Structure formats: C-alpha cells, structure tokens
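Novice: Take a look at this one; I'll ask things after.
The values are calculated or read from the model by the stated rules, or taken from the named source; none is laboratory data. Keep in mind that what you see is a predicted model, and the values were worked out from it rather than measured. Note: ideal-geometry Cβ built from the backbone for every residue, glycine included; neighbour counts use all protein chains shown.
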Amino acid sequence: MAVYTAAERPELWETARRLFDDVWPEYNMHGNHTSSLFSSLIPRHAHLQVLVFDRESDRVVARGRTIAFHWDGSLDDLPQGMDELGRRTLTDHRPPTAVSALAAEVSRHYQGRGLSEVVLRSMAACTRSGNLAPLVAPVRPSWKDRYPLIPIDEYAQWRRDDGLPFDPWLRVHARLGATILRGEPNSLLIEAPVREWEEWTTMTFPADGDYVFPLGLAPLQVRNGIGTYWEPNVWMLHHP
C-alpha cells in the first residue's frame with residue numbers, strides 16, 4: 001500500500017471520485033448542504049485529502065477527506081456539526097487553525113484489513129505537516145443505527161468493560177488516542193419529499209409521524225409530505 005495526497009496524485013483523486021458511493025446508505029448521499037462542503041475540497045484543500053493506493057491491484061482502495069477551518073480550541077467555538085462546519089469554511093475569512101475529518105472511506109472489498117486506521121493516521125499526519133493541528137472529527141458511529149432512539153450524547157458515553165467506547169468506529173478513533181468532545185444531534189440535515197425518502201429507504205410512510213428506518217441513526221420526522229432527518233455525530237479530538 002502507498003499513501004498519497006490529492007495534491008501529489010490529482011489523477012488518482014479523479015479516478016476515485018465515485019468509487020466509494022456504495023459504502024454509504026443511499027439517503028446519506030442527499031444532505032441538503034454537504035455538496036457545497038465536499039465540492040470545496042479540491043483544489044483548495046488538496047494537500048489534506050488522503051488516498052490509499054494498492055500497488056498490487058493498481059487501484060485506490062481507501063480515501064480520507066478533510067477540511068481546514070478556524071477553531072479557537074474551545075467547545076463553545078466548535079461547529080454544531082457538519083453543516084455548520086461547511087458554512088464556516090465557506091464564509092469565514094480567518095486563517096485556518098485546525099483540520100476536521102469529513103469522511104474515512106474504505107472500499108467494501110478491503111474492509112476489515114485495518115485500512116481505516118491507516119486513513120486516520122494519514123489525516124493526522126497531513127494536519128501536522130500543514131501546521132494545522134489538532135485534527136477533530138464529527139464521527140458517524142457505525143452501530144448507532146441499531147439504537148436510533150438513544151440520544152447521541154448518551155450513546156457516545158457507552159463503554160465496554162475495558163473502558164473503550166461501545167461503538168466500533170468510535171473505538172478505532174479512541175485507540176489512536178482520540179477523546180470524545182461531545183455528541184451532536186443536529187449535525188447534517190437531509191430534508192426531502194416523502195416520495196424520495198421512500199425510494200432511498202424502500203419503506204412507505206403513509207402518514208405524518210416519526211419513523212425508524214433501515215440504517216438511520218435517528219428517527220425520520222414526516223410532516224405534510226416532507227421527511228426531515230438530522231444525522232447525529234460525535235465530535236472527537238485527535239491530540240497533536
């Protein structure tokens with residue numbers, strides 16, 4: 001395996017553009033504000049985008065996307081979540097002081113081989129090399145969909161007997177030295193007509209109400225033909 005940034009290998013970044021769509025639930029591809037955030041990464045933040053390249057198969061097998069932003073290091077100044085982070089990076093003209101991870105993606109055929117840890121370590125290395133430490137991450141917990149009714153703050157505090165987080169993805173971050181800052185219930189907004197939610201989830205929502213749906217981390221609120229979903233995240237800090 002080799003690790004590059006998008007600045008070093010822009011052609012690989014282009015070939016990997018659609019390679020990781022299938023690692024996300026379909027509904028997660030339709031954030032109301034995330035397209036402007038992710039489209040701003042290249043070329044401005046190309047040096048912070050990570051690619052893991054498998055020389056044997058001659059293909060990109062993992063990717064890490066991050067963005068630099070201004071943060072004074074306090075909880076009060078931490079963005080509410082992904083959407084607010086995007087607004088800040090697009091409108092704040094102050095020089096960046098930190099980096100936020102946005103997504104660590106591993107090709108389905110390569111999952112379970114420890115590549116997510118490689119991506120996180122590479123993100124942290126890019127952060128340090130750019131003199132932008134620390135690295136923070138609005139983590140999407142991988143088992144939260146099993147417990148969609150549990151508030152994210154409560155879920156984030158669940159622990160195993162060994163003291164590590166209950167959630168596997170939070171645990172990967174913790175093993176690399178990251179600590180939990182807080183849970184964020186309103187991180188990423190997905191609001192769309194019910195017919196689109198029915199396509200994304202293969203469910204029917206026949207009446208107004210709150211619904212649990214497959215792979216959803218929190219309930220979907222249906223009102224007057226519109227489905228509103230706030231994806232929760234857990235802010236974690238990777239210490240320099």
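Novice: Could you tell me which of the residues Leu78, Leu115, Leu48, Leu37 is at pLDDT below 90 and not acidic (Asp, Glu)?
Specialist: One residue alone meets the criteria, Leu37.
Novice: In the set Leu188, Leu237, Leu215, Leu164, which member is farther than 28 Å from Thr97 by Cβ and under 19 Å from the mean Cα position of the chain (by Cα)?
Specialist: Step by step, each of Leu188, Leu237, Leu215, Leu164 is checked, and only Leu215 is farther than 28 Å from Thr97 by Cβ and under 19 Å from the mean Cα position of the chain (by Cα).
Novice: Looking only at residues that are closer than 25 Å to Leu37 by Cα and in contact with a helix residue (DSSP H, G or I) (Cβ under 6 Å, 6 or more places away or on another chain) in the range 191-215, which one is surrounded by the most Cβ atoms within 10 Å (Cβ to Cβ)?
Specialist: Trp200
Novice: Follow-up. Residue by residue through the range 89-110, note down the ones that are farther than 25 Å from Ser187 by Cα and either buried (at least 22 other Cβ atoms within 10 Å of the Cβ) or out of contact with any helix residue (DSSP H, G or I) (no Cβ under 8 Å at 6 or more places or on another chain) (or both).
Specialist: Across the range 89-110, the qualifying residues are His109, Tyr110.
Novice: Let me spell it out: the conditions are (1) among the small types (Gly, Ala, Ser); (2) more than 20 Å from Ala124 (Cα to Cα); (3) without any contact (Cβ under 8 Å) to a residue 40 or more places away in the chain, and Gly31 meets all of them except one. Which number is the exception?
Specialist: (3)
Novice: Follow-up. Can we say Gly183 is in contact with a helix residue (DSSP H, G or I) (Cβ under 9 Å, 6 or more places away or on another chain) and either modelled with pLDDT of 95 or more or among the aromatic types (Phe, Trp, Tyr) (or both)?
Specialist: yes
Novice: Can you name the strands (runs of 3 or more DSSP E) wholly within the range 114-213 that have at least 1 residues being under 30 Å from Phe53 (Cα atoms)?
Specialist: Here the list reads 135-139, 179-193.
Novice: Shifting gears a bit: Of everything in the range 44-79, what is within 20 Å of Asp21 (Cα to Cα), assigned to a loop (DSSP other than H, G, I, E, B) and either in contact (Cβ under 8 Å) with a residue 12 or more places away in the chain or touching a strand residue (DSSP E or B) at 6+ places or on another chain (Cβ under 7 Å) (or both)? Give them in sequence order.
Specialist: The answer is Gln49, and nothing else.
Novice: In the list Pro168, Pro193, Pro141, Pro134, which residue meets the criterion of being within 28 Å of Tyr4 (Cα to Cα), of a type outside the set (Val, Ile, Thr) and free of Cβ contacts under 8 Å to residues at least 40 places away in the same chain? Let's see the steps before the verdict.
Specialist: Numbers: Pro193 fails: within 28 Å of Tyr4 (Cα to Cα); Pro141 fails: free of Cβ contacts under 8 Å to residues at least 40 places away in the same chain; Pro134 fails: free of Cβ contacts under 8 Å to residues at least 40 places away in the same chain.
Residue meeting the stated conditions: Pro168.
Novice: Moving on. Residues being surrounded by 15 or more Cβ atoms within 10 Å (Cβ to Cβ), assigned to a loop (DSSP other than H, G, I, E, B) and touching a strand residue (DSSP E or B) at 6+ places or on another chain (Cβ under 9 Å): count how many of those fall in the range 19-43.
Specialist: Selection size over the range 19-43: 6.
Novice: Something else now. Which one of the conditions (1) of a type in the set (A, V, I, L, M, F, W, C); (2) in a strand (DSSP E or B); (3) closer than 30 Å to Pro214 by Cβ; (4) in contact with a Ser or Thr (Cβ under 7 Å, 6 or more places away or on another chain) does Ala103 fail to meet, given that it meets all the rest?
Specialist: (4)
Novice: Condition first: farther than 30 Å from Ser57 by Cα and without any contact (Cβ under 8 Å) to a residue 40 or more places away in the chain. Can you find one or more residues in the range 111-128 that meet it?
Specialist: no
Novice: Considering every residue within the range 142-151, establish whether at least one is more than 15 Å from the chain's Cα centre (by Cα), surrounded by 21 or more Cβ atoms within 10 Å (Cβ to Cβ), of a type in the set (Phe, Trp, Tyr) and modelled with pLDDT of 95 or more.
Specialist: No.
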